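Worksheet: one structure, shown below.
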């Protein structure tokens, strides 16, 4: 029973949003791709942030075309002695073939108008 | 041991330099290619801590406190990390990236803003990684 408050403290966490960014959103929004990387940090002792670099390769592995409209959020969740740093990126996979075809059709329609 | 434990963490972080991530931004990804990396850093100074330390060393705590209060008047407002004195160095990031990918497209950029803490001084860093395609 005495350990109950301690156990409660271990489970309670506070989340904070550190940064948010968004790139331009495409017209084609059918294929959504999501990737996240995270790191557990004990007592704030951290020596590198190299885990961030895995984010683009994870996003690229799910999409053979272009990934755009990427919403990136970086949040930290603090527990009693440890904190979890998590970066999530969610975007849309646009096939480059369809985009070039769409661009070609746009250009041809512009030519017709002229 | 209970009293000393937070100080052990402080001394450890001060001597080794714990790194903190302030922000991350991911740009559009077109394809893979040559990996690019640019890292720019500058020395950040925590004036309040530095002056307190100087006051203790020279035994002029009151003067150091007054000076710290005056400096605080023009160093207020939200910021990430400590103050720096060469803000123009961040403008080199884009030319450095372009120089690594002269004829291709730079994409898949991850921009991070980091801070390595050494108690009263710090390393204020901006790191950008990306890919060069179509070169």
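A compact table of results
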| quantity | calculated |
| --- | --- |
| Residues within region A:47-66 that are at the interface with another protein chain (Cβ under 9 Å from one of its Cβ atoms) and under 16 Å from residue B:27 (Cβ atoms), tallied | 10 |
| Test: residue B:37 is in contact (Cβ under 8 Å) with a residue 40 or more places away in the chain, outside any loop (DSSP other than H, G, I, E, B) and out of contact with any strand residue (DSSP E or B) (no Cβ under 8 Å at 6 or more places or on another chain) | no |
| Flag if residue A:86 is surrounded by fewer than 13 Cβ atoms within 10 Å (Cβ to Cβ) and either within 19 Å of residue B:18 (Cα to Cα) or modelled with pLDDT under 90 (or both) | no |
| Positions within region B:66-86 being surrounded by 14 or more Cβ atoms within 10 Å (Cβ to Cβ), modelled with pLDDT under 85 and in contact with a helix residue (DSSP H, G or I) (Cβ under 8 Å, 6 or more places away or on another chain), in sequence order | B:68, B:71 |
| Test: residue in region A:67-83 that is facing another protein chain (nearest Cβ under 10 Å), in contact (Cβ under 8 Å) with a residue 60 or more places away in the chain and either within 21 Å of residue B:124 (Cα to Cα) or within 17 Å of the chain's Cα centre (by Cα) (or both) | yes |
| Members of region B:34-50 found to be modelled with pLDDT under 85 and in contact with a helix residue (DSSP H, G or I) (Cβ under 7 Å, 6 or more places away or on another chain), listed by number | B:47, B:48 |
| Selection count where residues are more than 7 Å from every other protein chain (Cβ to nearest Cβ) and free of Cβ contacts under 8 Å to residues at least 24 places away in the same chain, scope region A:31-46 | 0 |
| Residues (over 26 Å from residue A:22 (Cβ atoms) and at pLDDT 90 or above) located in region B:87-99 | B:99 |
| Residue A:24, sole failed condition from (1) within 9 Å of chain B (Cβ to nearest Cβ); (2) surrounded by 18 or more Cβ atoms within 10 Å (Cβ to Cβ) | (2) |
| Every residue from region B:114-135 that is within 26 Å of residue B:51 (Cα to Cα) and part of a strand (DSSP E or B) | B:114, B:115, B:116, B:117, B:118, B:121, B:122, B:123, B:124, B:125 |
| Among residues of region B:87-108, those that are in a strand (DSSP E or B) and crowded, with 19+ Cβ neighbours inside 10 Å, counted | 3 |
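The values are calculated or read from the model by the stated rules, or taken from the named source; none is laboratory data. Just so you know, these numbers come straight off a predicted model, no measurement behind them. Glycine also receives a Cβ, built like all others from the backbone with ideal geometry; neighbour counts cover every protein chain displayed.
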